[in-house]
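Reading through the structure tokens given below for one structure.
What follows is calculated from the coordinates using simple rules that are stated; it is not laboratory data. Quick caveat, the model's predicted, so the values are computed rather than measured. Every residue, glycine among them, receives a Cβ derived from its backbone with ideal geometry; neighbour counts consider all protein chains shown.
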Amino acid sequence: MEAPLFSSLIHDLETELRQDLPSSLMPLLRAPDIQPLPFPLFARHRVTVDVLRCDELHPVISGNKWFKLKFNLVQARRLGMTRLASFGGAWSNHLHALAFCARQMGLSCTGFVRGDELGVDANPMLQEAAEWGMSLQFLTRQAYRERRVTLDPQTWLVPEGGDNEQGVLGCMTLIPAPLAADYDAVLLPVGTGCTALGVRLALPEPTALWGVPVLRAETLQRDWMARLQQWSARWSEQQGGTVEWWTDCHHGGYGKVSPALLSFIRDFGDNTGLALEPVYGGKAMWGLCNRIRHHAIPAGSRVLFVHTGGLQGARGFQSITG
Ligand SMILES: *Cc1c(COP(=O)(O)O)cnc(C)c1O
């Protein structure tokens, strides 16, 4: 049997997605804007950086989360499911986006939240999700780890972070294809690695992928490379291409920050007008600036930075950090 083509599979999913999409989700169908990012450090080292504004696609749904969810919505409908469910932490951009999408699509939904000491009022992200009709179930850390939940058969379960086959396929559409070839490298923050996987599979071979893990995960890189190989073996259009992992940017782990990181983000925002949050995008941009400062990025390079959004989750961050 001939391997299926990504492009025809994705074309069919996109067509189905467009059928009966509520108008509140329509803005998400347009391609994200690309903007130049002028910053004195970049100019001094003759590195051109543009930013893909996934953060601006929609007032509620954060950047890359839509790309991971959209084909899950199609799949749920194909299977006649009436409920969506997923897992996440209390500040999860993913659960927040899922709750909004489910509401708009007229589906019920359940969010399994890590931490049985929490309640609906724990933070504004959860409050909003609950207002949109998400039923929240708070699990002990152990139950969460073991994914100890019962689901009725009408439920389409999306894994934590939206990291499944539909998520990867959706992320293959994140960078408008003809544009990607203009860049030597694409830079993006990595959580589960789902976004990075879809992006790498869709990038033209000469464009490198620079992934910045935002957490300490010793096995992430190895597991991710294995997944890339599995996808390549399964599909016929897979291209090769360079992947670099910048593992020195996590600042101690997921959600951890340093004063230097926070002041970098402030300074960068003041200089460029681009707001970044410290959990994802701030760490990726910090890594790039460090490398440029240390002459690790050749002069003349053209880099595309994917702004994955996350500023709504960062609301919590401000209340933690003051
Ligand atoms: C979830 C998220 C990511 C990480 O995406 P993965 O596909 O899990 O690697 C990056 N940036 C922001 C703002 C996010 O919310």
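Some notes on this structure:
- Dipole magnitude of segment 66-185 about its Cα centre (Cβ charges: Lys, Arg +1; Asp, Glu -1), debye to nearest 20: 380 debye
- Calculated [θ] (222 nm, deg cm²/dmol) that DSSP helices of n ≥ 4 give over the chain, each run adding -39,500 (n - 2.57): -12000 deg cm²/dmol
- Reach of Lys256 by Cα under 23 Å, taken over lysines that are not fewer than 8 positions away in the same chain: Lys65, Lys283
- Loop exposure criterion: GluC sites (Glu not before Pro), DSSP state outside H, G, I, E and B, at most 15 other Cβ atoms within 10 Å. Applied to the chain, the longest stretch between such sites is 3-116.
- Most mobile of His58, His94, His307 in a GNM of the chain (Cα contacts under 10 Å): His58
- Residue order, fewest to most beta carbons within 10 Å, for Met81, Met26: Met26, Met81
- Projecting the Cα positions of Met172, His251, Val199 onto the charge dipole of the chain (unit charges on Cβ atoms of Lys, Arg, Asp and Glu, taken about the Cα centre) puts His251 furthest along the positive direction.
- Neighbour-count ranking [beta-carbon atoms within 10 angstrom, fewest first] of Leu169, Leu5: Leu5, Leu169
- Total charge dipole magnitude, the chain, about the Cα centre, Cβ charges on Lys, Arg, Asp, Glu only, Debye to nearest 20: 400 debye
- Amide proton proximity set for Val51, modelled H, under 5 Å, gap of 5+: Gln35, Leu37, Phe305
- Computed over segment 186-283, the quotient of the alpha carbon radius of gyration and 2.2 N^0.38 Å is 1.19.
- Building the convex hull from the alpha-carbon atoms of segment 94-201 and averaging its projection over directions returns 8.4 nm².
- Of all DSSP beta bridges in segment 87-157, antiparallel share, percent nearest 5: 0 percent
- For the residues Ala260, Ala102, Ala284, a GNM of the chain with alpha-carbon springs under 10 Å puts the largest fluctuation on Ala260.
- Net charge in the neighbourhood of Thr242 (other residues with Cβ under 12 Å of its Cβ; Lys, Arg +1, Asp, Glu -1) is -2.
- Dipole check for segment 1-93: with +1 at the C-beta of Lys and Arg, -1 at the C-beta of Asp and Glu, and the Cα centre as origin, the magnitude is about 260 Debye.
- Scattering from the chain was approximated by placing one identical point on each alpha carbon and applying the Debye formula without solvent; log10 I(q)/I(0) at 0.16 1/Å stands at -1.48.
- Per-residue Cβ neighbour counts within 10 Å put Tyr254, Tyr280, Tyr183 in the sequence Tyr254, Tyr183, Tyr280, beginning with the fewest.
- Pairs of alpha carbons in segment 15-108 whose separation is greater than 15 Å (percent): 65 percent
- Candidates Leu79, Leu157, Leu274: whichever shows maximal mean-square fluctuation once the chain is modelled as a Gaussian network with Cα springs under 10 Å: Leu79
- Surrounding net charge for Gly255, when Lys and Arg each add one and Asp and Glu each subtract one, Cβ distance under 12 Å: +2
- Ranking Trp66, Asn93, Gln104 by Cα position along the charge dipole of segment 1-107, where only Lys, Arg, Asp and Glu carry charges on their C-beta atoms, puts Asn93 farthest toward the positive end.
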